[in-house]
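Participant: This structure is in structure tokens; I'll ask about it shortly.
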Amino acid sequence: MHRSDLFWRVHKVHHSSRRLDFLATTRTHAFELLIRNVPAQMALFALGLTPAVVALVVLVYGTFAVIGHSNLRLNLRRVEWLLITPRIHRLHHVPSTTQKNFATIFSVWDRVTHRLVRADTSPDAVLGVPGEVESFPQRFVPAFREPLRQTLAAKRGRQGDARLTSTAARAD
């Protein structure tokens, strides 16, 4: 979601939350839910897991996501070698460390990719979309529309660049 311009525009809805609490997990664009959750669950079914097991996986994942986005000040440093804690995931929502601490459950993936940062976040740390902390819409409907607005603006910009390049080529 962070590496593709299109997917990042959609994922920014989640990152736009200015404070983390258990509801921040649900601040997610419907398109993101579709492209992240449906294929993952289809893969589990394709592997032969029963609906009960898939439901358990979804429940565990959702529980970790809610806890990871919570504002609970739990002292869980002892398990950070294995699991993502609210302290670790909070850094993922600080604009300067958005490209760190991607994982939801197991910290091993961030450690293997050298993206794990274990540090405290100051209570007054600014959270939000890098470069758009103040400008990204906070209300639901405008935030939901923002990825499309930004995608269309980017497309218009590319078309304008192409016209300029074409005009310059004809001038030569």
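The values are calculated or read from the model by the stated rules, or taken from the named source; none is laboratory data. On a predicted model such as this, the values are computed, not experimentally measured, just so you know. Because the Cβ atoms are built from the backbone with ideal geometry, glycine has one as well, and the counts that use them run over all protein chains shown. To get the accessible areas, we keep the full protein, side chains included, count just its heavy atoms, and leave off ligands, DNA and RNA. Shrake-Rupley method; radii C 1.70, N 1.55, O 1.52, S 1.80 Å.
Participant: Within region 1-35, whose backbone N sits under 20 Å from a point 7 Å along Cα→Cβ of ALA46?
Facilitator: Within reach of a label on ALA46, which here means backbone N under 20 Å from a point 7 Å along Cα→Cβ, region 1-35 contributes 1, 32-35.
Participant: With +1 on each Lys and Arg Cβ and -1 on each Asp and Glu Cβ, and nothing else charged, work out how big the dipole of region 35-172 is about its Cα centre, in Debye to the nearest 20.
Facilitator: 100
Participant: Quick one: if you stick a label point 7 Å off each Cα along the C-beta vector at ILE105 and GLN138, how many nm between them?
Facilitator: For ILE105 paired with GLN138, the spin-label model returns 3.4 nm.
Participant: Mind putting a number on the dipole of region 1-114 about its Cα centre? Charges go on the C-beta only, +1 for Lys and Arg and -1 for Asp and Glu, and I need it in Debye to the nearest 20.
Facilitator: Magnitude of the dipole: close to 420 debye.
Participant: Turning to a different aspect of this structure: Pick out which of ARG18, ARG36, ARG115 has the largest mean-square fluctuation in a Gaussian network model of the chain, springs linking Cα atoms closer than 10 Å.
Facilitator: ARG36
Participant: Calculate, for region 18-172, the solvent-accessible area per residue in square angstrom, rolling a 1.4 angstrom probe over the heavy atoms of the protein chains.
Facilitator: 65
Participant: Top to bottom by accessible area (1.4 Å), largest first, where do SER96, SER70 land?
Facilitator: SER96, SER70
Participant: Apply the Karplus curve 6.51 cos²θ - 1.76 cosθ + 1.60, θ = phi - 60°, to the phi angles in region 6-16 and return the couplings in whole Hz, x for Gly and Pro.
Facilitator: Residue by residue, region 6-16 yields 5, 5, 5, 4, 6, 5, 4, 4, 5, 6, 6 Hz.
Participant: Shifting gears a bit: Of the listed values [x] 33, 21, 16; [y] 24, 19, 15; [z] 31, 19, 15, grab the one calculated as semi-axes √(5λ) of the Cα gyration tensor in Å from the structure here.
Facilitator: [x]
Participant: Something else about it: Anyone know which of LYS100, LYS155, LYS12 comes out most mobile in the 10 Å Cα GNM of the chain?
Facilitator: In this elastic network of the chain, the residue with the biggest mean-square fluctuation among LYS100, LYS155, LYS12 is LYS155.
Participant: Whose amide H sits under 5 Å from the amide H of PHE106, counting only residues 5 or more places off or on another chain, with H placed in the peptide plane?
Facilitator: Those lying under 5 Å, H to H, from PHE106 are ILE84.
Participant: Compare LEU47, LEU72, LEU148 in a GNM of the chain, Cα atoms joined below 10 Å, and give the one with the largest fluctuation.
Facilitator: LEU47
Participant: Can you give the accessible area of ASP124 in Å² (nearest 10), computed on protein heavy atoms with a 1.4 Å probe?
Facilitator: Answer for ASP124: close to 120 Å² accessible.
Participant: Helix 30-46 versus the longest principal axis of the chain: what is the Cα-based angle in degrees, 0 to 90, to the nearest 10?
Facilitator: Relative to the chain, helix 30-46 is tipped by roughly 50 degrees.
Participant: Here's another thing I want to ask about it. Counting only helical runs of four or more DSSP H residues, what would the 222 nm mean residue ellipticity of the chain come to if each run contributes -39,500 (n - 2.57) and the total is spread over all its residues?
Facilitator: Mean residue ellipticity, 222 nm, calculated: -17000 deg cm²/dmol.
Participant: Tell me the carbon and sulfur percent of the accessible area for region 1-62, rounded to whole percent, probe radius 1.4 Å.
Facilitator: Accessible surface attributable to carbon and sulfur in region 1-62 totals 71 percent.
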